[in-house]
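Here is the structure we will look at, set down as structure tokens.
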Amino acid sequence: MRALVVKEPGPPESLRLTETATPSPGPGELTIDVAYAGVGFVDTLFRSGAFDLPTPFTPGIEVTGHVREIGPGVTGFEPGQPVGALLNDFGRGMRAGGYAEVAVAHATMTTRLPGDADLARMAAVLINGVTAWLALHDLARLRVGDDVLVLGASGGLGGITGRLAAVHPAGRVIGSSRRPSDAPTWTHLVTDLDTVPDLTGGRGVDIVIDPVGGDLRTRAYDLLAPFGRLVVVGNASGQDHPVSADSAWLNTRQILGFSLGGVAHLIPDRVGTALSAIVDLVHRGVLREPAPAVVPLDQATEVHQALETRTAPPKTVLAIR
Ligand SMILES: NC(=O)c1ccc[n+]([C@@H]2O[C@H](COP(=O)([O-])OP(=O)(O)OC[C@H]3O[C@@H](n4cnc5c(N)ncnc54)[C@H](OP(=O)(O)O)[C@@H]3O)[C@@H](O)[C@H]2O)c1
């Protein structure tokens, strides 16, 4: 089969189109004839070596396609059935492998898709949708009416987190972005966090979801109301600014972190619930996700370059076939 392989971590050109052996599923696994593979900022971190994966590896942690083969012990799937799968269960050992014609997925991280599902659109929402769902529901314990501040509002994870919070429904859904926009997701979209206290009548927000880090993280943390929750889900800025634990004590705030890839295998039921919920909400049009840019597999290098130079559209998927 054809796959994009990284032999040595490095620049986007390290992604090499290679002929490799077609994999077979092991116990609890299935293989998927991949139709589309989502591309996210985190893929650039694997490719560059910022996040360590044993080489050689194939990036790509979210795919849609059709079931090819079913491994021992797997029930509920049939060959040919459309499915979506997360390939980032790194806690279970080496995974990823989405930028390829055939991918191996664990059954607990695979969901059936409706026969008429838009496979490109679905491939674009799996990782960010499940992360947003678990961050808002399981970590931040979002209650109806909570005021939510989402950093990196124009990004893939930030965008779907805001749209999901709005569906819940949260109270104010405030997006923070360096790029002004009039996207209807947000009750308020701010380019300067100093305006947030006025928007909340001085009370502050109940929840901050932070995929960005840096100075923005510490400033957003200071906007939390008593009992407020900061959920750290990423570090797109590349800067890890510390948040004071004493300040959490004295202001009665909570600092939480969540990395799906490290714990997905420990919470298969919750991942499965989130995966089915996101797919269902998107398929029914309740969660209105923008159509992703679709590019051929052999243009993944250009997609990674665009992600690193911040010129990429909110989401891109690779068309594999
Ligand atoms: N926890 C998990 O399991 C999980 C799952 C998926 C992704 N992630 C992580 O989440 C982060 C975002 O991923 P993504 O795919 O959404 O990336 P993305 O589409 O590139 O979006 C990142 C956003 O961060 C903001 N940003 C980037 N650099 C910044 C800087 N220096 N200062 C201020 N803002 C900056 C930008 O938003 P504005 O232009 O709007 O300011 C950008 O759109 C990554 O660190 C990724 O690894 C974590």
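Tell me, yes or no, whether the stretch 232-253 has at least one residue that is surrounded by 15 or more Cβ atoms within 10 Å (Cβ to Cβ) and touching a Lys or Arg at 6+ places or on another chain (Cβ under 6 Å). Looking for residues that are surrounded by 15 or more Cβ atoms within 10 Å (Cβ to Cβ) and touching a Lys or Arg at 6+ places or on another chain (Cβ under 6 Å), one finds none in the stretch 232-253, hence no. Among the numbered conditions (1) farther than 18 Å from Gly93 by Cβ; (2) modelled with pLDDT of 95 or more; (3) outside any strand (DSSP E or B), the only one that Ala50 does not meet is (2). Does Thr18 meet the test of being polar (S, T, N, Q), farther than 27 Å from Gly152 by Cβ, modelled with pLDDT of 95 or more and out of contact with any Cys (no Cβ under 9 Å at 6 or more places or on another chain)? Yes, satisfied.
For beta carbons closer than 9 Å, sequence separation of 6+ or different chains, a first residue in the stretch 11-36 that is without any contact (Cβ under 8 Å) to a residue 40 or more places away in the chain and a second that is outside any strand (DSSP E or B) and among the aliphatic types (A, V, I, L, M), the qualifying pairs are Glu19/Met1; Ala21/Met1.
Among the conditions (1) within 27 Å of Thr311 (Cα to Cα); (2) out of contact with any Lys or Arg (no Cβ under 7 Å at 6 or more places or on another chain); (3) within 13 Å of the ligand (Cβ to nearest atom), Leu136 misses just one, which is (1). Asp206 meets each of the listed conditions (1) more than 16 Å from the ligand (Cβ to nearest atom); (2) in contact (Cβ under 8 Å) with a residue 12 or more places away in the chain; (3) more than 18 Å from Thr161 (Cα to Cα); (4) not hydrophobic (A, V, I, L, M, F, W, C) apart from (3). Within the stretch 269-312, being under 14 Å from Gly40 (Cα atoms), under 15 Å from the mean Cα position of the chain (by Cα) and either away from the ligand (no atom under 12 Å from the Cβ) or not hydrophobic (A, V, I, L, M, F, W, C) (or both) holds for one residue alone: Pro292.
The values are calculated or read from the model by the stated rules, or taken from the named source; none is laboratory data. Because the structure is predicted, anything quoted here is derived from the model rather than measured. Neighbour counts run over all protein chains shown; Cβ positions are idealised from the backbone, glycine included.
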